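Written below as C-alpha cells is the structure these notes are about.
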C-alpha cells in the first residue's frame, strides 16, 4: 500500500488503482483530499482540460469530435465499517467503496489518462456527496452551477451494475394518504369514529394493486406501489382520529412525475392524498446512436435499472444515460463489500474498445 | 375559606365541606396532609374505629349489624390546572377535584361523622393514588395488605356518576396483532413481502366487528373492539417486514379476562396475537339484597358503567359494587371542573335515607 499522500498514478493497473483509491478514505463530506489528488493527477495529462467546483472535478478532451460522451463517478463512500485497508483474496478486492464505486472511478480515471485520442470527445466527472441527502449531491450542484460542463450526447454513470448495462432508472414518488375520524374514550367507542379502521380500504387497494410492467427501448421496467409506513393512534384508551398511510410509488420512466402523481391520486380516489416528495425517472435512451454503438461495444443484454440513480440528473439535462460499472450493486454499503478484479479489467477493456 | 391547617369539621354542610376539601390540594402522591386531616377528623368521632395504612384511612362502625356496606372515595386529584381555590357560581362549585371526587368524599365523610347508629354496619375507605399508575393505587394496595378491612356485602364507590347508579364496570384487554413480511428495497418491491399490506385483513375484521350488547342485572353493557394504534415501517424506501395493530377490547363483565382473551384470539384467528395487558370487569351485583335496598332508596334508573373503575377491585374481593357520586364524569380532569351543590345534598340525603 502506497502512502495516502503520494500522488495518484493513473497509469497503473485498474485493480491496483482501485485499491489505491479505496485506501484513500473519502466518506461523504470528507472528499476534499481525494478530490485534490484526483485533480492533480488529471492535470498531469496535457490532453485534458480540468475544471473544479467545490470537491467536484471535471476533465475533458477538446478534439472537436462529432459526439461527446460523459463518464461519471462519485468520489464518496458510506461510512467505513472496519473494512479498511483493502485486501485481495483470489480475484476479489475487499474494502469500503470497492464496489460502490471506486472501481468505477478507477476505470474512468484510467480512461481519462490513457486515451489522449479517443474517437469521441470525452468528459469525465468526479463528484462528491452522492451517498447523502440529495441537496448536497455534487452532480446536482454541478448541474445547477455549470450545466455547460455536463453537455454531452450520452452519459455512462459508473455505479455498480455487475458490468451489465442498466438503462435509465425508475422515478419515485412519496405520498401520504390520510384518514380522519373522531376521538372518543375506547370504553365508549360507539361515540367515536376509528380512523385506523378506515385504513382498511387504503390497504385493500394497495394489496390488490397490480403493478405495471412496461418495455422501453427493449428493457422491462417494473413498477411498485407500497405502503412504507403507517402511523395512527393517540393512547391505549382512545379511539384514534387520525391515521396516515405513507406510500412510495416507483414508476417506469415513461411516466412523468405529474402523471405518476395523477396515478396515485386515482388509485386512492376518495381519500385525502398529499404528495410529499418526488423525483423523475430517466429514460434509457438506448435508441440514440451513441448508445447503440456503446451497447455493441460492451456486449451483454442490457436491463432496466430498478432504483433511482443520478442518471436521472443527466436525463433532466437532456442527456441519455446508463449505469455501467464493475461493482456488484448487491454488495454496496455492506461490511464485506468487494469487487472482482476481472470485472474491473473487463469493464475498462470494453469501454476502451468503444472509445479507442 | 378556612385556613388549610384548621382541623376538618365534618358536620358542616356537604357543599361547604367539598369546598374545604378542594381547597386542601392533594394531587396524586401528595395526599399525606389531607390523609392526616381526614384521619384526625374521623378519630374525633368515637363511634368509628379508624385504621391507617400509608395515606389510606379506613373507618368503620362495629355494631354487629347483619350487613356491612362499604363506601369509598379517593383523596387524590389530577394536577391543579389554575383552578384553585374553589368558588361558587349559582348552584355550581368550581375547582380541581369538585367533580372527581371530593364531592363524593365529602358526602362519605359527612355520613361517617353523622350516622352513629346506621341500620347496616358501615366501612368508609379514603385512599390515595387513584389518578396515576395502577401499581400505586391505594385501594389496590389496601386490598393486598389488609383485605379484611375491605370485607363487606356491598360497596358504593363515590366516583362521579351524575348522581345516577352506574353498576359494575367493563373489563379491558389490550393485545398486539403482529404481521410479518420480508424487507426489500422499495424499488424492487417484488422481492419483498409487505407486512403493512397484510394488516388489511386485521383492519377488515375490526371494521366489520359487531360488538355485543348484553343485559346483566337489568343493565345494558356495550362492548367494543378497536385498534388504538398501528405501527409499521422501516424507512421511506424499504418494504416493511413488520406491522403491529394494537387493539383494545372493552368487554362486558359477564366475560372473564380469560374468556375475553379467547374471544380476541378467535376474532384474529390465523394471526399472531399477543395479550399485553388486561383487567377484569365487575358485575353490577344489583340482585344482592343490599343492592336492591340501595336502589330502592336512591331511586333513578341505574345504568351500566362504561369504563374501568376501582369497583373491579371490590368485585375481585367478592364484594358487589356500584359507582354512585354527585360529580359529573364528563367534567372530570377538566380545567372548568365543577359540581352541583344540589347534587351533593341530594346524594347525601338519599344515602342517608338508605342507611339511617
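Just so it is clear, none of the values below were taken in a lab; they were calculated from the coordinates. Small disclaimer: the values here were computed from a predicted structure and weren't measured. Quick reminder, even Gly has a Cβ in these numbers, built from the backbone with ideal geometry, and neighbours come from all protein chains shown.
Between 0 and 90 degrees, rounded to the nearest ten: what's the tilt of helix B:257-267 against the longest Cα principal axis of chain B?
30 degrees
Any idea what the relative contact order of region A:171-278 is, in percent, if you count C-alpha pairs under 8 Å spaced at least 6 apart?
Relative contact order of region A:171-278: 42 percent.
Can you sort A:53, A:124 by how many other beta carbons sit within 10 Å, fewest first?
Fewest-to-most ranking of A:53, A:124: A:53, A:124.
If you look at just the Cα atoms of region A:1-52, how large are its Rg and its Dmax in Å?
Gyration radius and largest Cα-Cα distance of region A:1-52: 11.3, 30 Å.
Once each part is reduced to its C-alpha centroid, what is the distance from region A:179-193 to region A:133-158 in angstrom?
52 Å
So how do B:157, B:63 line up by other beta-carbon neighbours within 10 Å, fewest first?
Going from sparsest to densest Cβ surroundings: B:63, B:157.
State the antiparallel share, in %, of DSSP beta bridges confined to the protein assembly as shown, rounding to the nearest 5.
So the antiparallel bridges amount to about 75 percent of the total.
Using just the helices of chain B, give the 222 nm mean residue ellipticity in deg cm²/dmol: DSSP H runs with n ≥ 4 each add -39,500 (n - 2.57), and the total is spread over all residues, rounded to 500.
Dividing the helical sum by the residues of chain B leaves -8000 deg cm²/dmol.
For region B:34-106 and region A:269-346, what is the separation of their Cα centres, given in Å?
Taking the Cα centre of each part, region B:34-106 and region A:269-346 sit 75 Å apart.
Please determine, in degrees from 0 to 90 and to the nearest 10, the orientation of helix B:103-114 with respect to the longest principal axis defined by the Cα atoms of chain B, where the helix direction is its Cα long axis.
30 degrees
Starting from the 7 Å offset along Cα-to-Cβ, what nm value, one decimal, do you get for the label separation of residue A:146 and residue B:81?
Using points 7 Å along Cα→Cβ, the separation is 6.2 nm.
Based on a Kirkwood Rh over C-alpha pairs, give the Stokes-Einstein translational diffusion coefficient of region A:228-356 at 37 °C and viscosity 0.692 mPa s in µm²/s.
177 µm²/s
Can you give me the Rg/Rh ratio for chain A, using Cα atoms for both radii and the Kirkwood formula for Rh?
Here Rg/Rh amounts to 1.07.
Mind giving me the nanometre distance, one decimal, between the label points for residue B:353 and residue A:12, set 7 Å out from Cα along Cα→Cβ?
In this crude label model, residue B:353 to residue A:12 measures out at 10.3 nm.
Where does the protein assembly as shown land on the Kirkwood hydrodynamic radius, alpha-carbon pairs, in angstrom?
Kirkwood radius, the protein assembly as shown: 30.8 Å.
Quick one: if you take sqrt(5λ) for each eigenvalue of the C-alpha gyration tensor of region A:171-278, what semi-axes come out, biggest first, whole angstrom?
34, 11, 10
Taking Cα atoms, how many degrees apart are the long axis of helix B:32-43 and the longest axis of chain B, rounded to 10 and kept between 0 and 90?
Approximately 40 degrees, to the nearest ten.
For residue B:301, go 7 angstrom from Cα along the Cα-to-Cβ vector, then report the distances to that same point in the other copies in nm, smallest first.
Distances to the matching label points in the other copies: 7.7 nm.
Hey, got the average number of other protein chain Cβ atoms within 10 angstrom for residues in A:181-188?
5
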